[in-house]
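Please read the structure below before turning to the comments.
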Amino acid sequence: MPLLDELYAPEGFDEEGEFMPLITIEEEDEQNIKDPYPEVLPVLALKNTVLFPGVVIPITVGRDKSIRAVQKAYDHHRIVAVLSQRDSKIEDPASQDLFQIGTLARIIKLIRMPDGTTTAILQGRKRFRLIKMVSETPYMQATVEELNYLLPKNKLEFEAIVATITDKARNIIQLSPHIPSEAVVMIKNINNPSFLINFIASNLGVKLIAKQAILEQDNLVEKAEALLEQMDTELQLLELKDRIESKVRTDIEKQQRDYYLSQQLKTIQEELGQNPQEEELRQLAERARTKKWPAAAAETFDKEISKLRRMNPQVAEYAIQMNYLEVLLDLPWEEFTKDNFDLKRVLKVLDKDHYGLEKVKERILQHLAVLKLKGDMKAPILCLVGPPGVGKTSLGKSIAKAIKRKFIRMSLGGLHDEAEIRGHRKTYIGAMPGRIIQSIKKAESNNPVFILDEIDKVGQSFRGDPSSALLEVLDPEQNSTFYDNYLELEYDLSKVMFIATANSLSSIQPALLDRMEMIYISGYSLEEKIEIAKRHLIPEQRKEHGLTAKHINLSKSVLKNLIQEYTRESGVRNLNRQIAGVMRYVAKQVAMEEEYNVNIKPEDLKEILGPSRFSNEIYSEKQPFGVAIGLAWTSVGGEILFIETSLHKGKGGLTMTGNLGSVMKESATTALSFIKANSEALGIDPKMIEEHDIHIHVPEGAIPKDGPSAGITMLTALTSAFTKKPVKPYLAMTGEITLRGKVLPVGGIKEKMLAAKRAGIKEIILCKDNQKNVEEINQEFIGGLKFHFVDRMDEVLKLALK
């Protein structure tokens, strides 16, 4: 290699100074290189790179062994065996830590650096295979065997691969920001294919293991193909990066363009006197001048709009302030709808929309009557309590229509954040008023009918207790100054007619209950359900299914059968579903032009809806000893309850099953204690109680049961088991007991009576104090039921046991 020393180390070159990375222009054929060197050569281990034949690279030598090896070679023959490490983390590599194939290198120059390290400029000469590591101290020495390439058989194919490599190299250089464009000229000037492959492989940004694999290839064609594969991966990565950068650059350019144009537009508008922000503020101020609202709201608006005028429209607070002012203007502070004081018309609308519910209708008419006479009155806070499907929510809508007020419905089920009621302070990002104020704004009236649906389902969490926030809303003495966190003003809700709905009062906190006027809506009787079906459900379902009266006729007997055998509920939701099932059946017959009977008969229901789902036979058949029928009240209406008792040999223990609550278990214990205390009067042998274990079970164990009203039923069942006397069929009972044998009154009487009527019960035993509750029920609904009103347990047992 003539003049190489002079080319890379000219006169005056300071070994302690800086140097530039070197790139060889040598194209000597690797096959023909015959450098003189001894049999045993010093070995230099490289950490993070692979040296290829023909390529010149500077190497910083820092390890003692490496410095000794390089110095020894430089002082004598200048040839060193270069091998790459398998793991760059190993500081003192042994023979097994090195790859077995490397490159013989000529040391062109050694440079001492200021930090004490040595930089060696190496030129790769020829590939070799490690034969034997002779020694590893004071530096590694080894014997090696030179390697030659297998020349390509198809020269044309090899030239095509090399041309492809050249083209891809040009593309990589153009796309890579770190490679100077002059490298294209250098690659173009390389005529030796093997050196071109080595040069590109050396400069390719791939992992060391991939470079080593290319170096180890003996077949030139396979070597070129391996390089091409790595170049493809590198090129795809660079193209992807280029696409991403181009897209980002385009987006930034678009943003800059939009900003520039918007600034130009703003300047032009200012020149023409057309400032859009000023126009918006002028419109807000104009609306405020004609707005009916309290002085406090007007004063707040003036203060906030003057603050807005001083703001830069580009800042985020400008939009927040603008939204606040728009909310203030959109609220109907002193805007009301005119009530309809034609009470007869109101009653007519309520009767048309809902059958029954006389108490609710009467209360609404009373309120309107006082409003009509006095002209101003605080709206009542009503709470409609009853089982699902009896029309609580739809009644609110009907009230709004009857008195010609706007209607709002807000579902409270699952609400667990106090801010949903009171709103967030406007300093928070995304702040908005609470749902009360939002709903009033949507209604555009300050005296709507406001339904608070499912008030018993309100939850609470670490965010606060919404039911406590509702205390202010539902208190007629406080809601005239309701404070919303977003508005930061008092808002008058006293003209709003709030109507809450609930299935049960047990989960509502006492303070909230105290603020509402309770109106209990009990379940519907059979007669009421038939009337509701005829007046509302059938016409509605006919319309929903595209049918008319000529397509289907459901008689009273069919409806009775449908109610008794396919539904068991207090409301009419399930009945509505069953009627919809009949309508779908008819709609199919009409659409397919098939023949069918327009007048549906009771026996047709089995074909349309399947076999009947409920039967009253289990209540009327003769029961074994120890079984009595009780009446229970749940949030979905009245229910029939079996109390089963069995005795077996034991020591007088009591077992209770059926998912019973603590109050119900106490009733069973009280009943057993009464029997033990009065065993002789009841005709029961005390030894029998002591020598038998008792098991009380209430069927449908998956359903939780609790309450005191099964007390007399449990006592009757236990007495029946001990005396071997069965309980009369068709008989049910409800009442609480005491240790003295007194019968106490219980609640939910109407629902329980309706449940008994649905089940085909004929006789009912109740406490005397419940007689007034029975008299309040429409006698048409409980016709055929015989009532026995009692004071003491011995009266119950005389009536119940044969």
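Of note:
- Filtering the stretch 456-505 to residues that are without any contact (Cβ under 8 Å) to a residue 24 or more places away in the chain and in a loop (DSSP other than H, G, I, E, B) leaves Phe462, Glu477, Gln478.
- Residue in the stretch 552-560 that is closer than 17 Å to Val390 by Cβ and either among the aliphatic types (A, V, I, L, M) or at pLDDT 85 or above (or both) present: no
- Taking the stretch 618-734 as the region of interest, the strands (runs of 3 or more DSSP E) fully inside it that hold 2 or more residues being open to solvent by less than 60 Å² (accessible area, probe 1.4 Å), in contact with a helix residue (DSSP H, G or I) (Cβ under 7 Å, 6 or more places away or on another chain) and touching a residue at least 60 places away in the same chain (Cβ under 8 Å) are 627-634, 637-649, 731-733.
- When Glu16 is tested against (1) open to solvent by 30 Å² or more (accessible area, probe 1.4 Å); (2) of a type outside the set (Val, Ile, Thr); (3) under 28 Å from Met186 (Cα atoms); (4) modelled with pLDDT under 70, just one condition goes unmet, and that condition is (3).
- Lys529 vs. criteria surrounded by fewer than 18 Cβ atoms within 10 Å (Cβ to Cβ), charged (D, E, K, R) and in a helix (DSSP H, G or I): no
- Here Val184 meets each of (1) surrounded by fewer than 10 Cβ atoms within 10 Å (Cβ to Cβ); (2) touching a Lys or Arg at 6+ places or on another chain (Cβ under 7 Å) with one exception, condition (1).
- Residue within the stretch 126-138 that is among the aromatic types (Phe, Trp, Tyr) and touching an Asp or Glu at 6+ places or on another chain (Cβ under 7 Å) present: yes
- Residue match in the stretch 756-766 (condition: among the charged types (D, E, K, R), open to solvent by less than 30 Å² (accessible area, probe 1.4 Å), in contact with a Phe, Trp or Tyr (Cβ under 9 Å, 6 or more places away or on another chain) and closer than 17 Å to Ser522 by Cβ): no
- Of the listed requirements (1) within 46 Å of the chain's Cα centre (by Cα); (2) of a type outside the set (S, T, N, Q); (3) open to solvent by 20 Å² or more (accessible area, probe 1.4 Å), Leu744 misses just one: (1).
- Out of Gly423, Gly414, Gly430, one residue alone is surrounded by fewer than 16 Cβ atoms within 10 Å (Cβ to Cβ), touching a helix residue (DSSP H, G or I) at 6+ places or on another chain (Cβ under 9 Å) and over 30 Å from Asp351 (Cα atoms). It is Gly414.
- Which listed residue, of Ile437, Ile408, Ile451, is farther than 25 Å from Ile519 by Cα, open to solvent by less than 60 Å² (accessible area, probe 1.4 Å), among the β-branched types (Val, Ile, Thr) and modelled with pLDDT of 85 or more: Ile437
- Filter result (open to solvent by less than 20 Å² (accessible area, probe 1.4 Å) and more than 14 Å from Ala580 (Cα to Cα)) within the stretch 536-557: none
The values are calculated or read from the model by the stated rules, or taken from the named source; none is laboratory data. Worth saying up front: this structure is predicted, and the values here are computed from it rather than measured. Note that we place each Cβ from the backbone using ideal geometry, even for glycine, and neighbour counts take in every protein chain shown. Surface accessibility is based on the protein's heavy atoms, side chains included, excluding ligands, DNA and RNA. Shrake-Rupley method; radii C 1.70, N 1.55, O 1.52, S 1.80 Å.
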